[in-house]
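Input: a single structure, listed below in structure tokens.
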Amino acid sequence: MNSLSGGVAWPRNLWAGTSVTSAVMIGRIEPLLRVGDTNTLRFLPVELQVEAIDLGEWLPQIDLVIQGGESGKDARPFDVEVPAGCAMRVVPRACRTS
């Protein structure tokens with residue numbers, strides 16, 4: 001996506017996002033930050049979140065974090081009080097179940 005967005009005016013209504021469901025997937029954030037321009041809205045769906053994830057250093061550049069756990073009778077426990085660091089940095093956060 002980054003190679004396609006270089007030099008192109010990024011429309012305000014087009015958001016760029018990537019899923020980060022575990023610490024192993026943190027490497028997806030850096031390429032996301034290179035997409036678009038300074039006006040690009042960036043978001044992280046952190047769902048189905050299966051472990052604590054520290055998004056701290058990237059949150060100043062993220063506009064929205066969508067956080068959620070599993071649903072259903074075999075769903076693993078999910079602590080909605082663990083907002084992936086968002087509250088500390090005033091990043092909007094939505095929490096839902098899948």
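Coordinate-derived values only; no laboratory data. Treat the numbers as computed from the prediction; the structure is a model and nothing was measured. Cβ coordinates were reconstructed from backbone atoms using ideal geometry, including for glycine residues, and neighbour counts include every protein chain displayed.
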> Looking at the range 15-66, which GluC sites (Glu not before Pro) are in a loop (DSSP not H, G, I, E or B) and have at most 12 other Cβ atoms within 10 Å?
Replying inline: 51
> Using θ = phi - 60° and the Karplus form 6.51 cos²θ - 1.76 cosθ + 1.60, what ³J(HN,Hα) does each residue of the range 62-75 get, whole Hz, x for Gly and Pro?
Replying inline: 10, 8, 7, 10, 9, 10, x, x, 7, 10, x, 5, 9, 5
> For the residue pair residue 75 and residue 22, what label-to-label distance in nm results when each label sits 7 Å from Cα along the Cα-to-beta-carbon direction?
Replying inline: 2.0
